[in-house]
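*Asks:* Before I ask anything, here is the structure I am working with.
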Ligand code: UD1
Ligand code: MG
């Protein structure tokens, strides 16, 4: 039986090495703030409570995690002090307390579940996730006893030469038995190299009280923390590889997976075929059997089954394409609903519009949605034929079955089944071209003779 769970996400650190006006944990990996990844992994464990610890002035972080509550750690006096800041928020809670860092976006909920299981299995006061980075450097070291259980965590700055040789490092992720947490933390002091209250000290304190502690190991790839833009890019690369693998495992074809960029929340149905260099921004949901050839860019869009997009199509927020819609090259759709079977195959802009079933939008059609001050809507009915290079000046409606002549500028509503022409009438002057050319040639010849 799993115990009730509370999760603390530590995010009060400044992240100075990011050299950014944005708090570190709001930098994005796969279009989701890093703290959002930590939260998602935590939520998958169905915790009873989740609390994020933030620094003063980090309202943007609080907004980003809402409705998850936050507590403010007034001064950054170390990870132990950060957990202490959440004492009030966890008042009366006696289950498992899982501590995560907001800048560690790659940890899976499966690994967190393993940690909790291990803590419960050996009834440890504290269980931690260890890792073996190529360069243990500044990481805390996990000191194991003869029986292989955890004796202490020593911070690199406080470690002896012998301890610094230990390759098993502290990832920072920790599961603590809630009934011991506060009494252990109360015993943590700050007489160490950094004069900080180290959360890691609770391991040694628990051992000195005869309580068990445990460690499990996970890959560095999963446990890496992000401290710089270079590490952010590394985390992005790892996450992209994972997302591609996940979609392929679920039945999506990527012709050149390494060139496709996904968001953490991208949804792709079975048998979608995604060509090279396709970018999925946030909030994209694609049905089954959709073809997305090379160089499409999608964000905030919903696409129905068996639609065909691009190459070079752009779907922007609010684009809703029903089943079997065809969107061709250099077609941009924004805040527009396209019903079943709509075709817009070349060079068009459909913004703030609705297009009815079976309607054909000719090449070069533009919905003129902006009058310089306000945006307006274009409503196009079913089975309409919009001739090439038409401008539909919104607000305007085109009724079912209507036809719009090529090159029209449509400023008035078009009733159902009507033909609308909005262009200058063609004038033909018989023989005029020949006469004009002859005259030109004669003038040229006369000039040469002189
Ligand atoms: C910590 C661990 C170390 C581990 C390493 C893994 C301690 C004492 N050390 O070291 O053993 O190997 O992480 O990356 O825990 N934070 C606060 N308030 C604070 C201080 C930190 O909220 O006062 C948050 C930070 O925002 C960050 C996390 O806690 O998310 C870790 O803090 P950081 O200063 O990076 O700890 P390290 O020195 O790297
Ligand atoms: Mg750190």
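*Asks:* Go through (1) touching a helix residue (DSSP H, G or I) at 6+ places or on another chain (Cβ under 6 Å); (2) under 18 Å from residue 199 (Cβ atoms); (3) surrounded by fewer than 24 Cβ atoms within 10 Å (Cβ to Cβ) for residue 94 and report which single condition fails.
*Replies:* Just one mismatch for residue 94, condition (2).
*Asks:* Quickly run through the stretch 116-138 and pick out the residues that are away from ligand 1 (no atom under 11 Å from the Cβ) and either within 27 Å of residue 233 (Cα to Cα) or surrounded by fewer than 23 Cβ atoms within 10 Å (Cβ to Cβ) (or both).
*Replies:* If the condition is that a residue be away from ligand 1 (no atom under 11 Å from the Cβ) and either within 27 Å of residue 233 (Cα to Cα) or surrounded by fewer than 23 Cβ atoms within 10 Å (Cβ to Cβ) (or both), then 116, 117, 118, 120, 121, 122, 123, 132, 134, 135 are the ones that fit.
*Asks:* So, residue 49, is that one surrounded by fewer than 21 Cβ atoms within 10 Å (Cβ to Cβ) and either in contact with a strand residue (DSSP E or B) (Cβ under 8 Å, 6 or more places away or on another chain) or at pLDDT below 95 (or both) or not?
*Replies:* The answer is yes for residue 49.
*Asks:* Here's another thing I want to ask about it. Tell me, yes or no, whether the stretch 23-44 has at least one residue that is touching a helix residue (DSSP H, G or I) at 6+ places or on another chain (Cβ under 7 Å), free of Cβ contacts under 8 Å to residues at least 40 places away in the same chain and within 16 Å of ligand 2 (Cβ to nearest atom).
*Replies:* yes
*Asks:* Another question about this same structure. Scan the stretch 308-323 for residues that are assigned to a loop (DSSP other than H, G, I, E, B) and surrounded by fewer than 21 Cβ atoms within 10 Å (Cβ to Cβ) and jot them down. Reasoning before the result, please.
*Replies:* Narrowing the stretch 308-323 to residues assigned to a loop (DSSP other than H, G, I, E, B): 310-313, 316-318, 322-323.
Matches in the stretch 308-323: 311, 312, 316, 317, 318, 322, 323.
*Asks:* Name every residue in the stretch 260-278 that is part of a strand (DSSP E or B) and over 19 Å from the mean Cα position of the chain (by Cα), in order of residue number.
*Replies:* 273
The values are calculated or read from the model by the stated rules, or taken from the named source; none is laboratory data. All of these numbers come straight from a predicted model, not from anything done at the bench. As a convention, Cβ positions derive from the backbone with ideal geometry for all residues, glycine included, and neighbour counts pool all protein chains shown.
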